[in-house]
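Q: Sharing a structure with you now.
All of the numbers you see were taken from the coordinates with simple rules; none came from a lab. These numbers come from a predicted model, not from an experiment.
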Amino acid sequence: MISDRDLLEATGWLSPRQRELLEAPSGSVRELMHKPPVTVTPCTELGVAVSKLLDRGIGCLPVVAGAEDVVYGQLAEMDVLAADAEAKQAGRFEQEPTVFEHMTPGGKGVREQATGEAARHLLEAAGFHHLPVVRD
């Protein structure tokens with residue numbers, strides 16, 4: 001997983017405007033991302049996913065499944081907040097919701113050989129703050 005924070009860190013924590021004025025981060029996404037990735041499956045209980053976010057101090061989890069860890073989507077902090085608000089409004093929490101019910105669907109990702117500039121463009125184009133990093 002590579003985040004806009006990883007890219008900001010690679011550029012020295014500059015403001016978006018300052019970052020635009022400088023060159024894109026050098027190196028591949030594989031070199032810039034935090035490793036190892038922490039993932040969940042679509043069937044993971046939301047509470048377990050939240051614990052992973054909090055324990056690792058991260059803002060997003062790739063949602064993967066299958067022997068080859070195919071990316072199904074991502075679960076971000078905002079998805080968790082929306083799930084909590086929805087449950088409170090409905091007055092329910094009879095059954096712990098799963099990640100699948102609240103993740104952002106779509107397998108958008110960036111290859112580990114991609115440049116930081118390519119990752120930044122994908123983040124901006126998709127309106128995301130995080131992208132799963134995939135092999136091949």
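Q: Could you name the lysines in cross-link range of Lys35, using Cα to Cα under 24 Å and dropping any fewer than eight places away on the same chain?
A: Lys52, Lys108
Q: Nearest 5 percent is fine: what portion of the DSSP beta bridges confined to the range 24-132 is antiparallel?
A: Approximately 90 percent, going by the DSSP bridge assignments.
Q: At q = 0.11, 0.12, 0.24 Å⁻¹, what base-10 log of I(q)/I(0) does the Debye formula yield for the range 66-136 when every alpha carbon is treated as an equal point scatterer in vacuo?
A: The computed values of log10 I(q)/I(0) come out as -0.37, -0.43, -1.07.
Q: Starting from a Cα-only point model with no solvent, please compute log10 I(q)/I(0) by Debye for the range 24-73 at q = 0.13, 0.14, 0.19, 0.21 1/Å.
A: These q points yield log10 I(q)/I(0) values of -0.37, -0.43, -0.71, -0.82.
Q: On a C-alpha basis, how far is the centre of the range 41-55 from the centre of the range 62-136 in Å? Whole number, if you could?
A: 12 Å
Q: Hey, what does the equivalent ellipsoid look like for the range 43-106, semi-axes from the Cα gyration tensor as sqrt of 5 times each eigenvalue, largest first, whole Å?
A: One finds semi-axes of 20, 13, 11 Å for the range 43-106.
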